[in-house]
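The values are calculated or read from the model by the stated rules, or taken from the named source; none is laboratory data. Small disclaimer: the values here were computed from a predicted structure and weren't measured. A quick note on method: Cβ atoms are made from the backbone with ideal geometry, for glycine too, and the neighbour counts reach across all protein chains shown.
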Amino acid sequence: MTELLIRGGTVYTPEGPRKADVYVTDGVIAAVQPELDAGSAKIVDATGMYVLPGAIDVHVHSRDPGFPEKEDFGTLTAAAAAGGVTVVLDMPNTVPAVDSAGVLEAKSALARSKARVDFGLWGLMRSSSTPDQLEGMAAAGAVGFKAYLAYSFSLSHKQVLYSPGVDDLDLESPADYGTLARLAPVVGHVGLPLAIHAEDPTVLAAFRRPVLNYTDLLESRPPEAEAVAISAAAAVARDSGVHLHVAHLSSALGLQAAEDAMRNGTLLSLETCPQFLLLTAQDFDAVGPAMKMLPPIRGAADRDALVDGLKRGVIDMVSTDHAPHTDEEKSRPFEDVPSGSPGVQTLYLSCLQLAKDLGDVWLAPRWVSQAPARLAGLEESKGSIAPGFDADIVIVDPKTKTRVRSEQMRSRQRHGALDSKLFDFAIKQVFLRGEPIARGGKARGRMVRPALVAR
């Protein structure tokens, strides 16, 4: 029996922060109380430190399988572990896309061979998906389903693509509001969330243009596209009983549409990302192409609205949309730069900083641990420091600063949108089920499954 005692820290518990020791037995938290007897346990001194639940990043792109030169489950989860993220939920637009139980199971086996932290897998909702396919993925352990509004599907490559205006028999039309209306009741029945990439294709079509610079990018992806998609999807979802989840919320208009939907009775949750909370379009000249992503980082009014939504609790979680490419790809001329940036390694640090700046540092574990655990159906085993929970624990030094530097990043894309940011905290040690995660250590990650899915 492996025993561990984390002694003397300020522990964030479901009841809030308190001075306590954390006793771990065989990877599970056994007790959280002051001045526990160590017995034969290995002691970790956390005096002066924060002892926090491991983060759950509900929105990452492993690129694996499909594009291992950009990232794979090994580098993704190494970056996650370095940043205190002990569970990653991988999006289904890998290649082949996760549109069936068989593909999900094959991807799970691949991830288990490389993952240094635990992982969950989203399933893809295509315009041609059937109830049987969704139920099969739910039974295989999917944490939820993702519909990419405005994105086509290549039948030959089994790949999600943004290809507006392309007339090609190989391209299956994007999932749309009709798809949601047809399949939302199925998702609601199995008890999983339905996530959307919220951009309305008709609005995007009206604003389509060559994207030669950052101004073009902003004009080609207006906030109206996000707001219309949220409103329409919410109207479809309202009577189905499904939990609708909006990924990477980026705009004040989108937030307003979401709040209107909530008031009208839609079961809706929102995630936003550190880049939308810490940066604005005016930062592009300093940051460069690492800041090119979809949806784009917008103006100061959008940033301020999102920070306010987070403070008010309307937005209840923060994810990263970790989406790396190679550094070579991100150094091309702007029009050729693929969209996306790494972020999983800086999730906890950025949220601790945001929470501190808002006056309550203990908001951070709510955003990155507790709320994500509820979304993924993991609230009985992950996301909290309490007896019976997995001992996924992060020790944070609140008196040591961290500056984001490319040479310290574990993702294959070393340069991200938050390069050079300075945070007032440092990740000191990370435990997965009571075992410290060492750099270069063996793969110990397991696939997580929602606890309350109807089988």
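Some points to look at:
- Helices (runs of 4 or more DSSP H) (entirely within region 261-337) containing at least 1 residues that are among the aromatic types (Phe, Trp, Tyr): 274-278, 284-287
- Those residues of region 197-232 which are in contact with a Leu (Cβ under 6 Å, 6 or more places away or on another chain) and of a type in the set (A, V, I, L, M), in sequence order: 211, 225, 227, 229
- Condition met for residue 39 (over 26 Å from residue 378 (Cα atoms) and in a strand (DSSP E or B)): no
- Filtering 114, 146, 107 for residues that are under 30 Å from residue 53 (Cα atoms), charged (D, E, K, R) and in contact with a His (Cβ under 8 Å, 6 or more places away or on another chain) leaves a single hit, 146.
- Count of residues meeting criterion [loosely packed, with under 14 Cβ neighbours inside 10 Å, in a loop (DSSP other than H, G, I, E, B) and not aliphatic (A, V, I, L, M)] in region 399-455: 10
- For region 153-172, the criterion of being touching an Asp or Glu at 6+ places or on another chain (Cβ under 6 Å) and either buried (at least 23 other Cβ atoms within 10 Å of the Cβ) or in a helix (DSSP H, G or I) (or both) is met by at least one residue.
- Single residue of 381, 406 found to be farther than 17 Å from residue 55 by Cα and small (Gly, Ala, Ser): 406
- Number of positions in region 249-306 that are among the aromatic types (Phe, Trp, Tyr) and touching a Ser or Thr at 6+ places or on another chain (Cβ under 7 Å): 1
- When region 400-414 is filtered for residues that are over 19 Å from the mean Cα position of the chain (by Cα) and either under 18 Å from residue 81 (Cα atoms) or not charged (D, E, K, R) (or both), the ones remaining, listed by number, are 400, 402, 403, 404, 405, 406, 407, 408.
- Failed condition for residue 352, given (1) under 27 Å from residue 162 (Cα atoms); (2) in contact (Cβ under 8 Å) with a residue 60 or more places away in the chain: (1)
- Where a residue in region 184-200 is over 15 Å from residue 232 (Cβ atoms) and in a helix (DSSP H, G or I) and its partner, wherever it lies, is among the small types (Gly, Ala, Ser) and at pLDDT 95 or above, with Cβ under 7 Å and at least six apart: 190/138
- Output for region 329-346, where each listed residue is surrounded by fewer than 19 Cβ atoms within 10 Å (Cβ to Cβ) and within 25 Å of residue 361 (Cβ to Cβ): none
- Figure legend. Inter-residue proximity from region 1-23: first residues farther than 12 Å from residue 386 by Cβ, second residues of a type in the set (Phe, Trp, Tyr) and surrounded by 19 or more Cβ atoms within 10 Å (Cβ to Cβ), beta-carbon distance below 6 Å, spacing 6+ or different chains. Indicated pairs: 5/23; 10/50.
- When restricted to residues that are among the small types (Gly, Ala, Ser), in contact with an Asp or Glu (Cβ under 9 Å, 6 or more places away or on another chain) and under 23 Å from residue 71 (Cα atoms), region 113-140 contains 2.
- Pick from region 305-328, criterion charged (D, E, K, R) and without any contact (Cβ under 8 Å) to a residue 24 or more places away in the chain, ranking: surrounded by the most Cβ atoms within 10 Å (Cβ to Cβ): 308
- Residue within region 77-91 that is on the phi > 0 side of the Ramachandran plot, of a type outside the set (S, T, N, Q) and surrounded by 15 or more Cβ atoms within 10 Å (Cβ to Cβ) present: yes
- Checklist (1) under 18 Å from the mean Cα position of the chain (by Cα); (2) touching a residue at least 60 places away in the same chain (Cβ under 8 Å) applied to residue 123, failing item: (2)
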